[in-house]
1. Take HIS136 and HIS3, extend 7 Å from each Cα along the Cα→Cβ direction, and tell me the distance between the two endpoints in nm.
2. Taking R0 as 41 Å, what's the FRET efficiency between ASP153 and ASP81 from their Cβ-Cβ distance, rounded to 0.05?
3. If you look at just the Cα atoms of region 1-71, how large are its Rg and its Dmax in Å?
4. For TYR33, TYR159, give me the order by solvent-accessible area with a 1.4 Å probe, most accessible first, ignoring ligands, DNA and RNA.
5. What accessible area, in Å² to the nearest ten, does a 1.4 Å probe give for ILE166?
6. Heavy atoms only, probe 1.4 Å: what % of the accessible area of region 72-173 goes to carbon and sulfur, would you let me know?
7. Starting from the Cα-Cα distance between VAL118 and ASN19, subtract it from 0.36 nm times their residue separation and give me the gain in nm to one decimal.
8. Starting from the Cα of VAL96, step 7 Å along the direction of its Cβ; do the same at ARG143; then give the gap between the two resulting points in nm.
Amino acid sequence: MQHRIAVLADIHGNLTALNAVLADARQQAATDYWFLGDLFLPGPGAEKLYQTLADTAPSVWLQGNWEQGINAVMTGNGRLDDPSQIYFARLTAYLVTHLSKSHYAELVQRPIATTMVVNGLTFQLAHNQPERSTGHDLYPDERQSNFDHLAGDADVAVYGHTHQQIMRVSQRG
């Protein structure tokens with residue numbers, strides 16, 4: 001069977017963009033969907049956004065740093081020591097009043113990394129690094145060792161978070 005995998009990440013509350021990407025994925029005959037985290041905020045998408053992604057039945061659905069931040073605010077562990085954090089808390093309050101409780105519960109239980117095997121190739125999938133969803137160590141100008149860490153023993157590593165397209169070849173061999 002031929003696999004055509006649509007990889008999505010960092011939707012950040014933008015239902016219009018998600019619909020456009022999904023339309024393209026359907027046109028390209030995607031057979032599977034992998035979502036690498038950051039579905040919500042700062043955009044206004046909530047329940048309809050969640051349901052739109054869920055309707056694709058992604059075989060991979062990770063949470064990103066924004067989902068972890070949302071959960072931190074909701075569990076009282078968020079930092080409110082600067083205006084941007086207060087703004088984030090206000091956005092979170094909006095989101096949770098427009099998202100079903102069951103979908104919120106599913107969202108915060110999702111992993112931040114996983115592996116998949118397709119046609120004999122092992123894929124390391126993460127929002128950022130396998131052990132944490134935050135940080136800048138996978139930006140294009142960062143050290144090769146950061147990318148090698150992400151890849152581990154996998155044949156291919158795919159991640160979101162940086163909002164930048166990049167292809168690097170591991171120095172492992």
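The values are calculated or read from the model by the stated rules, or taken from the named source; none is laboratory data. In this text the structure is predicted, and so the values were computed from the model without any measurement. Note that each Cβ is placed from the backbone with ideal geometry, even for glycine, and that neighbours are counted across all protein chains shown. Heavy atoms of the whole protein, side chains included, go into the accessibility calculation; ligands, DNA and RNA do not. Shrake-Rupley method; radii C 1.70, N 1.55, O 1.52, S 1.80 Å.
1. A separation of 3.4 nm, rounded to one decimal place.
2. 0.55
3. Rg and Dmax of region 1-71, Cα atoms, are 11.9, 39 Å.
4. The residues order as TYR159, TYR33, largest area first.
5. Here the residue's solvent-accessible area equals roughly 60 Å².
6. Values: 3360 of 6360 Å².
Roughly 53 percent, rounded to a whole number.
7. 33.0 nm
8. Reported label-point gap for VAL96 and ARG143 is 3.8 nm.
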